[in-house]
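The structure appears right after this line, and notes come after that.
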Amino acid sequence: MTSLERLFGEQNRVHELEPIGVIDIGSNSVRLVVYEGAVRAPTPLFNEKVLCGLGKSIASTGRLGTDAVDRALAALSRFRTITRILEVKNVRAFATAAVREAQDGADFISRAEKALGLRIEILSGEREARLVSQGIMMGFVDPDGIAGDLGGGSLELIDISADRAKQAVTLPVGGLRLIDATGNKIEKAQPLIDDALASVPWIGQGAGRPFFAVGGSWRAIAKLHMEQTNYPLHVTHGYAIPTMVAIAFCEFLRKTKKLTGLSGYDELAKARREVLPFGAFVLERLLRALNPSEVVFSVFGVREGLIYSLLPAHERRKDPLLSFCAEYASLRSRSVDHAWELCKWTDALFEPPGPKETPEERRLRYAACLISDIGWREHPDYRGEQSLNLLAHSGLSGIDHPGRVFMALAIFYRHAGASQEHADDLSSRLKLLISKRAQKRARIIAAAIRTAHMLSVGVPGVIDETPLSYDGDKLVLTIPKAYAGLDGERLRRRFDTLAQLLEKTPEIRFGR
């Protein structure tokens, strides 16, 4: 048994995959992330960062700060030991803007490689931007917009369309660089930001398209905005804000003299708080220049882009959400085969004359079916609540927040009852994030899953032989003679609920 198996347990896919470590030596932070493997929906097994501030004095001195270098080398030495203990044989390391531009960057890399015990790639601005774009492709389905990754030393902007980076640029307006260049006087930062943005000839192509915001400073802005609006989820990835709302909030963060006392502010690391107003200013000016449809925050960036770059073509083509849900079902549910059967079994409900379903709604239905049984080990009284919390806050990718809420509510109703109105505070608040149509769909899918489990008892190979169909205004469940004994009060009660939600008359027929 490997160290990772001992740490995370044998009933997972760690033993099936080769873990990969990524060490990101940025202008502000140095971070190690160990992923379970190079797959379409990778799960971090270990994640640690140290805010070193390597790029803090690049603009004024052209060199890396001595204290920052010492902290970075100490962090890299620790990361080397961690990867050895975890027996991670595949470790990739890279450095970005600060090291790339510093006069003593080559000397630092030499010392860093000795501390780390492996080669460190110095990313060019072009390669860094390409990896950022691939990180967005890893975290979203068919992204089409402008992505921006704000680091301590630079801002990478990339135009992404049809799963490729059309064009990209690196601009010298990272948060630490601006603090250094302006003497920490934020009022002096605007011409530096605006001049940099004006040099991008294609910046107007962002109008009306989403802007994907990457980087620690911008994620901190998202978290603060969630706190101020009492947002019911605390998941940064996929959090979306209308453009004008984001501009106004950034302006507020920039102009407020003392942010201490602002809900969530004191929870940010001190080094992050120092950079926050400048990060907000860059985002504010960028959004005014781009005029995007909305701002979508991403936790997927250059590190995940590196993983994506290692994937074979067939793995890249997989749906990240369905990949995650299928893999999670294999870890937590009684039968992943039964989960896939549910996907197909419920198809019949959305054939005419049933409710219409868009391709995206079908995709979310499949995802909900795949993870519908992950709470089976919990106490019956708490399965719905705990499954809801797990799904609402899990590391899903390839999904927006309304989609995440739809899935969480579908699993809540799967356990608590599809017609149940009473819910805990979280589920009641989550309902506010999705439409009435989506809420009803969650109940329909939950009712179908509850009916299916009365037939299959969670065992694959049964519901395939007990199909659903429509006959005029009737919803028909056909049970073959071999399974006639499954008929009973509980099955009929659940099937009646499903038919009622679909505004049909229930009828059970018995076949040969």
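Along the axis of the charge dipole computed for region 209-317 (Cβ charges of +1 for Lys and Arg, -1 for Asp and Glu, origin at the Cα centre), the listed residues Y239, L306, L290 are led at the positive end by L290.
Quick check for you: which residues of region 52-76 have the amide N under 20 Å from the point 7 Å beyond the Cα of S110 toward its beta carbon? Answer for this model: 62-74, 76. Compared with the rule-of-thumb size 2.2 N^0.38 Å for a compact globular protein, region 75-136 has a Cα radius of gyration ratio of 1.23. Which of K89/K114; K318/K440; K185/K258; K56/K223; K356/K436; K56/K270 have a Cα-Cα distance over 19 Å? Violating the 19 Å Cα-Cα cut-off are K318/K440; K56/K223. For the set D107, D347, solvent exposure ranked by accessible area (probe 1.4 Å, protein chains only) runs largest to smallest as D107, D347.
Region 229-263 and region 274-309 have Cα centres spaced 13 Å apart.
Remark: region 114-181 carries 33 Å² of accessible area per residue (probe radius 1.4 Å; ligands, DNA and RNA excluded). Largest accessible area first, the residues M244, M407 order themselves as M244, M407 under a 1.4 Å probe with ligands, DNA and RNA left out. Heavy-atom surface analysis with a 1.4 Å probe gives the chain a carbon and sulfur content of 49 percent of its accessible area.
Does region 314-353 classify as rounded, prolate or oblate by the C-alpha gyration tensor (a ≥ b ≥ c root eigenvalues; a/c under 1.5 gives rounded; else a/b over b/c gives prolate, otherwise oblate)? Cα axes put region 314-353 in the oblate bin.
E385 exposes around 80 Å² of accessible area when a 1.4 Å probe is run over every protein chain in place. For the chain, the mean residue ellipticity at 222 nm estimated from helices alone is -14500 deg cm²/dmol, where every DSSP H run of n ≥ 4 contributes -39500 (n - 2.57) and the total is divided by all residues, rounded to the nearest 500. The calculated Kirkwood hydrodynamic radius for region 107-164 is 13.0 Å, given to one decimal from all distinct C-alpha pairs. Looking at the chain alone, DSSP beta bridges between its own residues are antiparallel in about 60 percent of cases. Solvent-accessible surface (1.4 Å probe) assigned to V476 amounts to roughly 0 Å². The loop-placed trypsin sites (Lys or Arg not before Pro) in region 100-156, going by DSSP, that have at most 16 neighbouring Cβ atoms within 10 Å of their Cβ come out as R119.
A simple charge model with +1 on the Cβ of Lys and Arg, -1 on the Cβ of Asp and Glu and nothing else charged puts the dipole of the chain at about 420 debye relative to its Cα centre.
Is the shape of region 87-241 rounded, prolate or oblate, going by the alpha carbon gyration tensor and its root eigenvalues a ≥ b ≥ c, with a/c under 1.5 for rounded and a/b larger than b/c for prolate? Rounded, since a/c falls under 1.5.
Excluding same-chain neighbours fewer than eight residues apart, the aspartates and glutamates reachable from K255 by a Cα-Cα span under 17 Å are E187, E274, E284. Across T96, T66, the residue with the most accessible area heads the list, and the full order at a 1.4 Å probe is T66, T96. Rolling a 1.4 Å probe over the protein heavy atoms leaves I136 with an accessible area of roughly 0 Å². For region 152-238, just say rounded, prolate or oblate: build the C-alpha gyration tensor, square-root its eigenvalues into a ≥ b ≥ c, call rounded for a/c under 1.5, and beyond that prolate if a/b exceeds b/c, oblate if not. Here region 152-238 falls in the oblate category. Between D496 and K440, what's the calculated FRET efficiency when r is the beta-carbon distance and R0 is 25 Å? Round to 0.05. Once the sixth-power term is evaluated, E becomes 0.90.
The values are calculated or read from the model by the stated rules, or taken from the named source; none is laboratory data. It should be emphasised that the depicted structure is a prediction, and the values quoted were computed from it without experimental measurement. Cβ: placed from backbone, ideal geometry, glycine included. Neighbour counts: every protein chain shown. Ligands, DNA and RNA are stripped out before the accessible areas are found, and what is left, the full protein with its side chains, is counted by its heavy atoms. Shrake-Rupley method; radii C 1.70, N 1.55, O 1.52, S 1.80 Å.
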